[in-house]
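Below you'll find the structure, written out as structure tokens, and then a few comments.
The values are calculated or read from the model by the stated rules, or taken from the named source; none is laboratory data. Here the structure is a predicted model, which means the values were calculated and not measured. Neighbour counts run over all protein chains shown; Cβ positions are idealised from the backbone, glycine included. Note: accessible area is taken over every heavy atom of the protein model, side chains too, but ligands, DNA and RNA are not part of it. Shrake-Rupley method; radii C 1.70, N 1.55, O 1.52, S 1.80 Å.
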Amino acid sequence: MNQYDTPEAIAARVRHHMLCTLGKSPDKLTENDLYLALSYTVRDRLAEGMVETAARYERTDAKRVYYLSMEFLIGRSLQKNLYVLGMYESCKKVAKSFGLSMEAVCDEEPDAALGNGGLGRLAACYLDSMATLALPGFGYGIHYDYGLFRQDIQNGYQVEKPDHWQSAAGTLHVERADQAMVIPLYGKIDHAEDRWGNYNPMWMDWNVVIGVPYDIPIPGYGGRSVNYLRLFTARPSTDFDIKIFNQGDYLRAVEQKISSEKISKILYPQDKLYSGKELRLTQEYFLTACALRDIMRGFLARHPGRGFAHFPDHAAIQLNDTHPALAVAELMRMLVDEHWVDWEAAWDITTKTISYTNHTLLPEALEKWPVDLMQNVLPRHMQIIFEINRRFLDSVAEIHPGDEGILSRTSLIEEGEEKQVRMANLAIVGSRRVNGVSKLHSELLKTRLVPDFARLWPEKFVNVTNGITPRRFLLTANPELCALARKAVGGGFISDMALLKKIEPMAEDPAFRDEYLAIRRRNKEKLSKVIFEATLITVDPDSLFDIQAKRIHEYKRQLLNALAVVAEYLAIVEDGQVPPAPRTCIFAGKAAPGYRTAKDIIKLIHCLADTINRDKRTKGALRVVFVPDFRVTLAERMVCATDVSEQISTAGYEASGTGNMKFALNGALTLGTLDGANIEIMQKVGKENVYIFGRTAEELALMEEKGGYHPIELYNQDAEVRRALDALRSDRFNPAEPGLLAWISHYLLSDHDKYFHLADFPDYREARFASLKDFTDKVTWAKKGIMNTARMGYFSSDRSILQYAERIWGATLVPPEG
């Protein structure tokens, strides 16, 4: 233990910060007082680590990785940092000495509202792994005031409320006001010539926004390397336009200030209206421009006088999805306009520096921006994108002369009634490497989504299967299981998850199995308490906890899960069936504010819960609950208490999924389709330790080719399907709101249901029953869970980052000396 991490040393630092930072007496502490004092204590330790780590990177002149993402779902920082630094037990003693509970102290911290789902959580895992591996890697994002939203439920409907997270979570953030930067927006192009008569466009008359950086320290395991996540807050160029103010138009002066600051107010503003699109585009450019300006500033400071041709040797920029795709145009603009690099050289630098991670196979989810909008907000960038496209299409025409189809499909500009910029195409054309995030997804990316690009540049496309950090989702989330594994095989698996393989023989040890099941039971009790506090619904910890916790979306098929719940309920109350074991169906997840179908699915789940939980005939057999406001902290409670993990997306739609990895790592058994990383999880943990159902992506594609999908035929053939849909249509589950759920039958029986709910329903029901039956055999169930934990080593984000470093970034590790 570090001498500064003893309980005595920590207590001394707590008293110092109580008195000198918070201005309070250290004699009487509340949970919030101790949370703040400990946060400042940890920040002191991390600040020292950041300085030491930066000096080490400087000495080695290491290549740096910059990870650009609109989301970083980091969750709570204090508890995780204490575990990573090895300080948690000491702090627990300090809290006890003050008469406080360490768990209650950690609960004072809100989750950082910096993301929504898997995209942002993946980015957070990768930052953790880069620091643990001592890779010089840094995140760049936006310092949102409110994030997405806090989900409340009123009468079964989702209600979005502001998430005031920063008021209690700013203690670990280090403001870098001295490194603020000027970001231009709007304006016009002056079509000028230089003194040699060459065309020299000038971006003029732009508005100015100031990007103020805040750093969140990201410690690696053991704290020997500390990187950071740099987030930018938007500020006006001056508090007020003094000229407008002096003219007496105070309100207009204030409006200008508010207009600038709204850029970093919320994550993903509604973009159905022009104003929403404009704000969202402005956000994406703000992130990109701040990041690139900061990266370039660092390069020039470390390598004065060195040519920009060496820039790719010192910097690798990773685009996490298409949101930061403007980095291609912005880097070109900076090189050409600000540093006078000629176009061909600038393009060579750009395409050697930037790489792009694709996260979706849904064409409608690939970002497109109206050309008119971009010309208004970013006139110079639109000009650059046109020029990139012209040169690119000329090269394609040389390779495929006369093929107008490929030119249309690969163009950066989508023609039509409204011309749009295809951001995915821009990211692909401007990148060194393009990667998918699971073996299946990467293959479908090349064969289904962008086959023309894959044929043009086969060497550009690679796969890096996603991963998760064991520091968050085992060490912090499930300390009892972590301690059990550590006792059995040592603690090396925390920094090398492959070493979990050593606990595989323990599945045959009755004492290990008994303790494993006891830990699971205690974790289920804790989750039961959380559920009751959030919903006032009691659940039985001895029942099978069947959990689907993820963003609400049609392709993730919460609707398929709900339909199976209806069928199981009807089998109990109408057929008198007694299930082999009680099942508690737990749902969690947010619906995008403008996504009506997803919000209706949330209402459906609440209608089912209200009817089923009130029915005395289902007591001890079936329970349904929706836990509101899904976030990292709730995920930590769920992953270590789940028996069956629902990963039931339509095959071919989920890029990877990382929730499946978190659940399986903690011993949950996956019930899923052959989609995303489910395939690789099955291959690693064994088919006998998962429940796979449904048609494959190839089978679904073939079904469409041979005349399509006609669910009405399945409805007529399958009595269970027919009874479940008829029950939903009959207002059985919503007597107070007649007709409310009728849409479900119309939707599922439509030939336009591209997610094939009914096609997989019979197979899904069988898989659910098989899992429930197996659950009754505690020895077999324990063995299956232990095997899942033991064989999940491949899915560490450390492995993912090492593959990124080798296959994409060309970056090396810089471990501490000694």
Return the loop-located trypsin sites (Lys or Arg not before Pro) in region 401-503 (DSSP other than H, G, I, E, B) with at most 10 other Cβ atoms within 10 Å of their own Cβ; answer none if there are none. none
Positive-pole candidate from 686, 714, 667, dipole of region 659-724, charges at beta carbon: 667
Using every alpha carbon pair in the chain, what percent of pairs falls into each 20 Å bin from 0 up to the bin containing the largest distance? 15, 47, 33, 5, 0
Rounded to the nearest 0.05, FRET efficiency between residue 687 and residue 614 (Cβ-Cβ, R0 35 Å) equals 0.35
Quick check: at a probe of 1.4 Å, how many percent of the accessible area of the chain sits on carbon and sulfur atoms? 52
Using a 10 angstrom Cβ neighbour count of at most 12 plus a DSSP loop assignment to flag exposed chymotrypsin sites (Phe, Trp or Tyr not before Pro), which longest range of the chain is free of such sites? 341-818
222 nm mean residue ellipticity, helices alone, for the chain (DSSP H n ≥ 4; -39,500 (n - 2.57); rounded to 500): -14000 deg cm²/dmol
Entries of 502/784; 524/603; 526/784; 368/754; 277/556; 460/662 with Cα pairs more than 20 Å apart: 524/603; 526/784; 368/754; 277/556; 460/662
Counting Lys +1, Arg +1, Asp -1, Glu -1, what net charge surrounds residue 18 among other residues with beta carbon under 15 Å of its beta carbon? 0
Could you tell me which trypsin sites (Lys or Arg not before Pro) in region 293-323 are loop residues by DSSP with no more than 14 other beta carbons within 10 angstrom of their beta carbon? 306
What does the charge count near residue 510 come to, summing +1 for each Lys or Arg and -1 for each Asp or Glu among other residues with Cβ under 12 Å from its Cβ? -1
Could you pull the Cα extents of region 65-188 along its three principal axes, largest to smallest, in whole Å? 64, 49, 29
Relative contact order (%) - criterion: Cα under 8 Å, at least six apart; region: the chain: 13
Rh (Kirkwood, all Cα-Cα pairs) for region 26-119, Å, reads 15.4
For region 414-502, listing GluC sites (Glu not before Pro) in a DSSP loop whose Cβ sees at most 12 other Cβ atoms within 10 Å gives 415, 417, 418
Tell me which DSSP H helices of the chain clear both cut-offs, 24 Å or more of axial length from alpha-carbon atoms and a mean Kyte-Doolittle hydropathy of at least 1.0. 558-575
Rounded to whole Å², per residue accessible area for the chain with a 1.4 Å probe reads 39
